[in-house]
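These notes are about the structure you will find just below.
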Amino acid sequence: MDDIRNAVLGVFAVTVLAIVASPALAADPTPAATPPMGWNSWNHFAAKIDDATVRAQADAMVASGMRDAGYRYINIDDTWEGRRDAGGVIHPNAKFPDIKALADYVHSKGLKLGIYSSPGPKTCAGYEGSQGHEVQDAQTYAAWGIDYLKYDLCSLSGPMIAAGSLEAAQAIELAAYEKMGAALRATGRPMAYSLCQYGFYQVWRWGGSVGGNSWRTTGDIEDKYPRMVAIGFGQAGLSPYAKPGNWNDPDMLEVGNGGMSGAEYRTHMSLWALLAAPLLAGNDLGHMTPETLSILTNPGVIAIDQDPAGIQGDRVKAEGPLEVWAKPLAGGARAVGLFNLSDLTANMEVAFADLGVTGPVSARDVWAAKDLGRLSGYKTMVPAHGVVLLRLSN
Ligand code: GAL
């Protein structure tokens, strides 16, 4: 009984603290009704991330117009963690003097703050994980005003391997993710819960049941066209597992990090939108080319990702390196991507009847921002490694 009483009082105290302490931005009561949009420190900054850099990224998200385009989360990835005190409470390291103050700053910009931990004893970069401190850490995050947790398997894989069987390993993992999911809920502060375990054990089948709002379906993305293609086009078949509040996550965006061409980044962005994937920019928002900004903020592409129906798109057909993907949108509309994965310009053709659309319908070329008229199909040239993205509506 005492345990229950303490837990209830603890939740009450933390909730009151969170409400009193963060007046600038109320936590979203339904995190991830549409795929989360924001920025994460890892792809560009990795371990070179600190308080000042996070503030500068928040400033740039506002100044660049990305906030107004729909981006909300500023997510600190690995390497913020310091030591636990005698009572077991986690503290940030010297790079982050005061996370509560940082959260207040981010909230004052109309943005939300995310953080990172692991269900194992150590994070992937070797910092302090949450194992054995789940309830305590969730309460600390809530008291700081955190809005999003990325929970990365990392060192939990050790005990899982030692468990000896696939079933025993999976049970360890499920229990660990469920434990943090429950701890986050118990704080009373809505926090989006992002599972990062690289798609093991078909996480799309159970990620939602442990409280996950999104789950990584693959290993890490890299700023290289072949890796982006392998991850993105490897998502075929996963559409049945996404819905509002529960999203497949093919990892964060590399747009603007310099390793791909404009056509390749438009392929990356178009595919992620068709997949209803979280859109977490991974570049330096303070130093973006106009092309990078226009790719990240294209309103037609973002509307496809954020469509209120919350239906993930999927592959319709593939003929060698030429692939057609489609996503049902609210009100019977459709988004269609014609992808050319080959190294040469290609002619591509799609009959809208193949997408279940009885035509003719109004067609719009999203990247060209051009209405094409009422059509029953479309034939077009698609550049090497590029895409033509259409929106069809009645
Ligand atoms: C990886 C994870 C990356 C990043 C990194 C930090 O496991 O997939 O996205 O979070 O750990 O150490």
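The values are calculated or read from the model by the stated rules, or taken from the named source; none is laboratory data. The structure presented is a predicted model; accordingly, all values stated were derived computationally and were not measured. Backbone-built Cβ (ideal geometry, glycine too); neighbour counts: all protein chains shown. The accessibility values were calculated without ligands, DNA or RNA, using every heavy atom of the protein model including side chains. Shrake-Rupley method; radii C 1.70, N 1.55, O 1.52, S 1.80 Å.
Counting Lys and Arg as +1 and Asp and Glu as -1, what is the net charge of the other residues whose Cβ lies under 14 Å from the Cβ of ALA176? Summing Lys and Arg as +1 and Asp and Glu as -1 gives -3. With all pairs of separate Cα atoms included, the stretch 2-216 yields a Kirkwood hydrodynamic radius of 17.5 Å. Of all DSSP beta bridges confined to the stretch 197-343, the antiparallel ones make up roughly 80%.
Taking the Cα centre of the chain as origin and assigning +1 to Lys and Arg Cβ atoms and -1 to Asp and Glu Cβ atoms, the resulting dipole is close to 720 debye.
Descending by average beta-carbon neighbour count within 10 Å, the peptides 296-309, 368-381, 137-150, 337-350 line up as 137-150, 296-309, 337-350, 368-381, the highest first. Computed from point charges on the beta carbon alone (+1 for Lys and Arg, -1 for Asp and Glu), the dipole magnitude for the stretch 2-216 about its Cα centre is near 300 Debye.
Between ALA171, THR34, PRO159, the Cα set farthest toward the positive side of the dipole of the stretch 2-216 (charges on each charged residue's Cβ, about the Cα centre) is that of THR34. Using +1 at the C-beta of Lys and Arg and -1 at the C-beta of Asp and Glu, which of ASN43, PRO119, ALA86 has the Cα lying farthest in the positive direction of the dipole of the stretch 2-216? Of ASN43, PRO119, ALA86, it is ASN43.
Other residues within the sphere of radius under 10 Å centred on the Cβ of ARG216, judged by their own Cβ, net out at -3 (K and R +1, D and E -1).
With both bridge residues required to lie in the stretch 18-142, what share of the DSSP beta bridges run antiparallel, to the nearest 5%? Of the beta bridges lying entirely in the stretch 18-142, close to 35 percent run antiparallel.
Can you tell me which of 279-289, 92-102 comes out highest on packing, and rank the rest after it, using the mean Cβ neighbours within 10 Å?
So the peptides 279-289, 92-102, ranked by packing, come out 279-289, 92-102.
Which value in Å is the Kirkwood Rh of the chain over different Cα pairs? After inverting the pairwise mean of 1/r, the radius is 21.7 Å. In the full protein context, the stretch 314-393 carries 45 Å² of accessible surface per residue, based on a 1.4 Å probe and ignoring ligands, DNA and RNA. Counting lysine pairs in the chain whose alpha carbons fall under 18 angstrom apart, excluding pairs fewer than 8 residues apart on the same chain, gives 12. Backbone amide hydrogens, once placed in the peptide plane, bring TYR148 within less than 5 Å of ILE115, ALA192, excluding anything fewer than 5 places away on its chain.
Dipole size of the stretch 318-394 about its Cα centre, with +1 on Lys/Arg Cβ and -1 on Asp/Glu Cβ: approximately 360 debye, rounded to the nearest 20.
Normalised per residue, the accessible area of the stretch 2-216 is 40 Å², obtained with a 1.4 Å probe and no contribution from ligands, DNA or RNA.
For the Cα atoms of the chain, what angle does the longest principal axis make with the long axis of helix 99-108, in degrees from 0 to 90, nearest 10? It works out to around 40 degrees.
Against the chain, whose longest principal axis comes from its Cα atoms, helix 134-144 is set at around 80 degrees.
So how far, in whole Å, is the C-alpha centre of the stretch 267-281 from the one of the stretch 185-222? Centre-to-centre (Cα) distance: 17 Å. Each 10 Å bin from zero holds the following percent of Cα-Cα pairs in the stretch 92-136: 24, 41, 32, 3. Using a probe of 1.4 angstrom, how much of the accessible area of the chain is carbon and sulfur, in percent? Percent of accessible area from carbon and sulfur atoms in the chain: 58. For the peptides 214-226, 190-202, the ranking by packing is 190-202, 214-226, with the highest mean count of neighbouring Cβ atoms within 10 Å listed first. Per residue of the chain, the DSSP helices (runs of n ≥ 4 H) give a summed -39500 (n - 2.57) that works out to -9500 deg cm²/dmol at 222 nm. Looking at the chain, the DSSP beta bridges with both ends there are about 60 percent antiparallel.
The stretch between GLN170 and VAL316, if pulled fully straight at 0.36 nm per residue, gains 49.3 nm over its current Cα-Cα span.
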